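Just below is one structure, and these are the notes that go with it.
The values are calculated or read from the model by the stated rules, or taken from the named source; none is laboratory data. If you're wondering where the values come from, they're calculated on a predicted model, not measured in any experiment. Please note: Cβ atoms are built from the backbone with ideal geometry, for glycine as well, and neighbour counts cover all protein chains shown.
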Amino acid sequence: DIQMTQSPASLSASLGETVTIECRASEDIYNGLAWYQQKPGKSPQLLIYNANSLHTGVPSRFSGSGSGTQYSLKINSLQSEDVASYFCQQYYDYPWTFGGGTKLELK
Amino acid sequence: EVQLVESGGGLVQPGRSMKLSCAASGFTFSSFPMAWVRQAPTKGLEWVATISTSGGSTYYRDSVKGRFTISRDNAKSTLYLQMNSLRSEDTATYYCTRDYSSYIYGWFAYWGQGTLVTVSS
């Protein structure tokens, strides 16, 4: 199975700050990567697919980048509604696997 | 608006069976692959199974292969997950998800609210 390692596990940032979350795959996943946001008590929501494509309705302050085994999610100008957990997921190969998550809090 | 509404969760004893349902609306159900994703309490996400638009192709993670069966009824716009020989490690919130398009791309574009399955004696 492809292992997905996210860092950091938790993150504290201020409003208006730029935040970056990293995701490393155990092998090349050829941009087969998605990012999800999960607010407390809610179901996950798709943010990014194909490593850098923004899902419909997702604010443009979210962006994805990377290639090979290294990927990142960037949030520009952090808003209060961005407090959530974030997960990466590879779909290059079965079984599709998720990272362990990054919990983002406000400082 | 895409809506996915799961039902059928609850408390079940180890070794017993349970069937989850997911009622879909707001899109042409028969045109999209569907999947189940689960999340153990305070844990991360885990893909469980995927089914093609016709139901002719199914895919499972190893830990549920032979015990779980994903199926769909396109006439009723409903997705199912039959879970047999349940184990304590199957305890999780189970989410019904829809793929992005008619092809199995692998990312989960829409999610239901989830239904909690607790396996305990």
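Listing for the model above:
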read-out: Any pair with Cβ under 8 angstrom, 6 or more apart, that starts in segment A:33-45 at a residue that is surrounded by fewer than 19 Cβ atoms within 10 Å (Cβ to Cβ) and modelled with pLDDT under 95 and ends at one that is among the aliphatic types (A, V, I, L, M) and not in a loop (DSSP other than H, G, I, E, B); value: A:Pro40/A:Ala84
read-out: Search result, residues across segment B:36-46 that are facing chain A (nearest Cβ under 9 Å), of a type outside the set (Val, Ile, Thr) and either touching a Leu at 6+ places or on another chain (Cβ under 8 Å) or buried (at least 24 other Cβ atoms within 10 Å of the Cβ) (or both); value: B:Gln39, B:Leu45
read-out: Residue tally, condition in a strand (DSSP E or B) and either among the hydroxyl-bearing types (Ser, Thr, Tyr) or in contact with a Lys or Arg (Cβ under 6 Å, 6 or more places away or on another chain) (or both), over segment B:70-84; value: 5
read-out: Top-ranked residue in segment A:19-43 [being more than 10 Å from chain B (Cβ to nearest Cβ) and basic (Lys, Arg); ranked as farthest from the chain's Cα centre (by Cα)]; value: A:Lys39
read-out: Residues of segment B:10-31 that turn out to be within 14 Å of chain A (Cβ to nearest Cβ) and either surrounded by 13 or more Cβ atoms within 10 Å (Cβ to Cβ) or among the basic types (Lys, Arg) (or both), as a count; value: 2
read-out: Residue, nearest to the other protein chains (Cβ to nearest Cβ), within segment A:91-107, restricted to residues that are in a strand (DSSP E or B) and either farther than 18 Å from A:Ser43 by Cβ or not β-branched (Val, Ile, Thr) (or both); value: A:Phe98
read-out: Selected residue (criterion: farthest from A:Asp1 (Cα to Cα)) from residues of segment B:44-56 that are in contact (Cβ under 8 Å) with a residue 40 or more places away in the chain and not in a strand (DSSP E or B); value: B:Thr53
read-out: Residue count, segment B:83-113 (criterion: within 18 Å of B:Ile51 (Cα to Cα), within 14 Å of chain A (Cβ to nearest Cβ) and surrounded by 14 or more Cβ atoms within 10 Å (Cβ to Cβ)); value: 16
read-out: Tabulated pairs, segment B:7-27, first over 10 Å from B:Ser121 (Cβ atoms), second among the acidic types (Asp, Glu) and assigned to a loop (DSSP other than H, G, I, E, B), C-beta under 6 angstrom, 6+ apart or interchain; value: B:Gly26/B:Glu1
read-out: Qualifying residue in segment B:57-72 (condition: more than 14 Å from every other protein chain (Cβ to nearest Cβ) and either touching a helix residue (DSSP H, G or I) at 6+ places or on another chain (Cβ under 6 Å) or on the phi > 0 side of the Ramachandran plot (or both)); value: yes
read-out: Candidates B:Tyr80, B:Tyr60, filtered to the one that is in contact (Cβ under 8 Å) with a residue 24 or more places away in the chain, hydroxyl-bearing (Ser, Thr, Tyr), surrounded by 13 or more Cβ atoms within 10 Å (Cβ to Cβ) and in contact with a strand residue (DSSP E or B) (Cβ under 6 Å, 6 or more places away or on another chain); value: B:Tyr80
read-out: Residues of segment A:76-90 that turn out to be within 14 Å of chain B (Cβ to nearest Cβ) and over 11 Å from A:Met4 (Cβ atoms), as a count; value: 3
